[in-house]
Amino acid sequence: MSNYLKDIDSIASLKATQGSAWDAINPEYAARMRAQNRFKTGLDIAKYTAGIMRADMARYDEDPSQYTQSLGCWHGFIGQQKLISIKKHFNSTDRKYLYLSGWMVAALRSEFGPLPDQSMHEKTSVASLIEELYTFLRQADARELGGLFRALDKAGTSEEKKAVQSKIDNFQTHIVPIIADIDAGFGNEEATYLLAKKMIEAGACCIQLENQVSDEKQCGHQDGKVTVPHEDFLAKIRAVRYAFLELGVDDGVIVARTDSLGAGLTKQIAVTNEPGDLGDQYNSFLDGEYVDNASDIANGDVVIKANGKLLKPKRLPSNLFQFRKGSGVDRVVLDCITSLQNGADLLWIETEKPHVGQIGGMVERIREVVPNAKLVYNNSPSFNWTLNFRQQVFDAWAEEGKDVSSYDRASLMNAEYDDSELSKAADEKIRTFQADAAREAGIFHHLITLPTYHTAALSTDNLAKEYFGDQGMLGYVANVQRKEIRQGIACVKHQNMSGSDMGDDHKEYFSGDAALKAAGEDNTMNQFDSK
């Protein structure tokens, strides 16, 4: 017997103990409401989705073709529509997640207005967005189940009822894992712990933490990034783990992100107690010059002992210290190994371009120490994907000795190349990038951080051009509403999407025949029943 039918029986038994006071309570209605609200708290969600993510990680270890994907969200409605679309097109949410981008929270959710990705937005807005996303996903469950319950009521034959009942019994929730960005932790390790708790309580099963200095934090694809010594970062990883354990999410997932590839600065010289320890390894990458005596040291210079000699690290006017050029890859490898050995579950290597060979080379070195190391990777809109992959194909062809004289490498973005052989080869590499990188570079999860930021801008530009131009209302009807109808976009019935039909169901449960319902024959949404 399904949980739904069991709930009907249990509520009927409970009703029988309450006497006439519960005569108007319909056990089936109560069971429906219970089914529509499967997840009662954010912690219920975090525990459920952590289990999904751990199972997916194990499946990927067995078969790298089983990688996972997500798209970034900045509003609950956006996340809801992604999952509705996924279920519509693929009949399953298997290996499909959501990503919560700190960049989009800063740019779109701050009370200060649009901000750069520098952790200046309200830290609690991150947890609030997680809660909002899951509120909308739970509403998507309730809406879809509500439609099935109405279909069950209308079913005539026993076979029709059985078919609908099967859909109810095998209903797949819209609730999926969210990988949530905590930036650099918004302060010291205690601040990181406190915010992590808020995020987990809101439903986060996976928290992504980066190794930048919290109050100097920059977007991973901008200049001026400053990293922290490993021990500082590991303290924050431990803080997140303690938050998971305190709240009973024992299999919560931590993503350790390193920005070292593009970060040439550090704010601190690491504490070191003996040659070769972690602090000493961090300091070994510092740029500077060795000195022989006090006359080589100016007022205010810092000097440390390294490799048995005195090193004067290069200090900038900003009071930051500089790493040696060309040391980024080695620092990334050390960051990743150290993080995995001290509590992180997944890695995130922020790169300056999407290149399978570059990523794979670093992962290969990491796996020499941690064989099951795997990555979350940012398929970022900050990359010019078209130009990058056309240049990769150009370079590969040139190295093979293929004639590339008809192409100007510096101008490969030009539309005149769009139908060229090179362009088609590059597009094919873009199409297979995720599968290739999952197989060859250890990438378990692919995400796009800011997709709806860009799609919202693009679609709004097109609508504004048409609607305020010569097309007038046809600009909306032809390019929005008619496409919604033809493509079966649920939002064409926006009253239903907002919960109007669910409200009618509840009114009927509560008031019976006296209920004043909105879905009568005069509801204009009925115009969309005919395609």
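What to note about this one:
- The range 257-402 - convex hull of alpha carbons, volume per residue in Å³: 167 Å³
- Sorting Cys491, Cys73 from the fewest to the most surrounding beta carbons within 10 angstrom yields Cys491, Cys73.
- Stokes-Einstein diffusion coefficient of the range 372-419, Kirkwood radius over Cα pairs, 20 °C, 1.002 mPa s, in µm²/s: 170 µm²/s
- Links that overshoot a 26 Å alpha carbon limit, given the list Lys15/Lys87; Lys353/Lys402; Lys40/Lys154; Lys236/Lys374; Lys483/Lys517; Lys6/Lys154: Lys15/Lys87; Lys40/Lys154; Lys483/Lys517
- Neighbourhood net charge (15 Å Cβ-Cβ; Lys/Arg +1, Asp/Glu -1) for Met362: -2
- Computed as a quarter of the hull surface, the mean projected area of the alpha carbon convex hull for the range 116-247 stands at 10.3 nm².
- Cα shape, the range 173-318, gyration tensor, a/c 1.5 rule: prolate
- Relative contact order of the range 174-284: 29 percent, from C-alpha pairs under 8 Å at least 6 residues apart in sequence.
- Shape call, the range 1-128: gyration tensor on alpha carbons, a/c limit 1.5: oblate
- Shape category assigned to the range 377-531 from the gyration tensor of Cα positions, a/c cut at 1.5: prolate
- Taking GluC sites (Glu not before Pro) as exposed when DSSP calls them loop and at most 16 other C-beta atoms lie within 10 angstrom, the chain has its longest site-free stretch at 123-351.
- Sparsely packed loop sites in the range 291-374 (the trypsin sites (Lys or Arg not before Pro) outside DSSP H, G, I, E and B with at most 12 other Cβ atoms within 10 Å) comprise Lys325.
- On a per residue basis, the convex hull of the C-alpha atoms belonging to the range 161-208 measures out at 65 Å³.
- Mean Cα-pair separation over length for the range 424-496, i.e. relative contact order, pairs under 8 Å, 6 or more apart, %: 12 percent
Only the coordinates and a few stated rules stand behind these numbers; no lab work does. None of the values given here were measured: they were computed from a predicted structure. Cβ: placed from backbone, ideal geometry, glycine included. Neighbour counts: every protein chain shown.
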